[in-house]
Structures are given as structure tokens and as C-alpha cells.
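First comes the structure, then the notes that go with it.
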Amino acid sequence: MFKHVFLTGPPGVGKTTLVQKACEALVSSGVGAEGFYTEEVREGGRRVGFDVVTLTGARGHLSRIRDSRDSQPHGRREYTVGQYVVDLPSFENLALPLFRNIGSADGSSSSRKVFVIDEIGKMELFSQSFIRAVRQTLDSSSCTILGTIPIPKGKPLGLVEEVRNRRDVKVFTVSKENRNAILQDILETLQECLKSKA
């Protein structure tokens, strides 16, 4: 029996869009949704970084391209993925309180709640607190997770592989070919997960 649903697929294939569409459909059917998604930030047509956006619309930096004028900050460890510098404090300030809130939601409603984690990726995994919070949420019975994970590339990411291999997680692989048709399957699986919690 699946408890959680995760989407995987190449970058830019439309995972976040599917997550947003699924949330809209769930909310309109009376299911609560909380959590965050990642959105690319563009300036003058080029991608300059990523923001974390909560389902309530709060926004914070996740990463930005390093400005060549910036020297390394003194005494602070820098986290980079490719050309992007990850803003760990900003990510944690926005994302971590969301995890604390789901646990504290009153028992009756949280079983009809979907928690969005988009995504469990390289940038987010610099945060040990995030890793702990995701594991706790996966193991708790308080909500169903709708999340995204990257496709395997290079060195496996511990938590990503954990999620992919869990028996209680249904993983959908999104492609350009199936991304329009797959929403219905995702929603049906989520409804099943929510039913089993009720």
C-alpha cells in the first residue's frame, strides 16, 4: 500500500508544473495542501538561480549564480552546485517551519493533507535538518507526501535513493510524452494514499 507519491524525470520536463496542477485539483476536492516547490529565477532571458516558494506564496532564495565580483564569504562554508551558490539559511528558514507545522496540525485534518516537497535534490540535501525532517515525515502517518526527486545521475544521493527504494512510495517517471496524460494517475494514487490514512 502506497503512502507517498514522488515524481522523477529530467530537469525541465515539467515535474513542478504537475505538482502544482495536482495541488490545485486536490485543494478543490477539499484536501489540504502544504509545503514548497522550487521555481527557476530568470533575468533577461537567462536562468540566474532558484527560489523556494511555499504553497501560501512566501518566497526565499535557494541559490543564485555566483557573481564574479563576489569574493568567498569569510568564515562561512559555501555550498555550491555547478555554478550556483546555495543559500542554506534562506532555504532552511522557509522550508523547515513547514515540516514543524504538519506535525502540529490537529489530528483530524492532517490525515486529509498532502505535503509537497519539490524537490529532494542536491541543493536541498546540503541541509542536515531538511534530511532529518523528510525522513520523519516519510515515517510519520500524519500526511501523504507529494514530492519530486531527480533522475539518477553521477554519484547517488543517499536520501533520494532511500525514497526511490521505499515500499510505501509510488514513483512516477515524467517524460515529455506522458506529462499531459499522467496527472490523472498521480491524482488517483494520491486519493488512494489519503483514503488509506482516513
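The values are calculated or read from the model by the stated rules, or taken from the named source; none is laboratory data. What you see is a predicted model; the values in this text were computed from it and never measured. Every residue, glycine as well, gets a Cβ built from its backbone with ideal geometry; the counts of neighbours run over all protein chains shown. SASA here: full protein model, heavy atoms, side chains in, ligands and nucleic acids out. Shrake-Rupley method; radii C 1.70, N 1.55, O 1.52, S 1.80 Å.
Here are some notes:
- Cα gyration tensor, the range 89-198 - rounded (a/c under 1.5), prolate or oblate: oblate
- Rolling a 1.4 Å probe over the heavy atoms of the protein chains gives the chain an accessible area of 52 Å² per residue.
- For the range 1-41, the list of trypsin sites (Lys or Arg not before Pro) that fall in a loop by DSSP and count at most 12 other C-beta atoms within 10 angstrom is empty.
- Pair LYS21, LYS195: separation of 7 Å Cα→Cβ label points (nm): 2.3
- Mean separation of Cα contacts under 8 Å (6+ apart) over length of the chain, as relative contact order %: 35
- Nearest-ten-degree value, helix 88-104 long axis tilted from longest Cα axis of the chain: 20
- Beta bridges per DSSP with both ends in the chain, % antiparallel, nearest 5: 50
- Of the trypsin sites (Lys or Arg not before Pro) in the range 86-188, those whose Cβ has at most 11 other Cβ within 10 Å and which sit in DSSP loop: LYS153, ARG167, LYS176
- Apportionment of accessible area to carbon and sulfur, the chain, percent (1.4 Å): 49
- Area of SER129 that stays accessible when all protein chains are in place (1.4 Å probe, Å², to 10): 40
- Cα gyration tensor, the range 146-198 - rounded (a/c under 1.5), prolate or oblate: oblate
- Anchor LYS15: lysines whose Cα lies under 18 Å away (excluding residues fewer than 8 positions away in-chain): LYS122, LYS153, LYS170, LYS176
- Residue-span extension gain [GLN128 to THR80] - 0.36 nm each, minus C-alpha spacing: 15.7 nm
- Working note: 222 nm ellipticity from helices only, DSSP H runs with n ≥ 4, each -39,500 (n - 2.57), summed and divided by the residues of the chain, gives -11000 deg cm²/dmol to the nearest 500.
- Once the Cα-Cα distance is subtracted from the 0.36 nm per residue extended length, the THR56 to GLU43 segment shows a gain of 2.3 nm.
- Per DSSP, loop GluC sites (Glu not before Pro) in the range 125-198 with at most 12 further Cβ within 10 Å: GLU177
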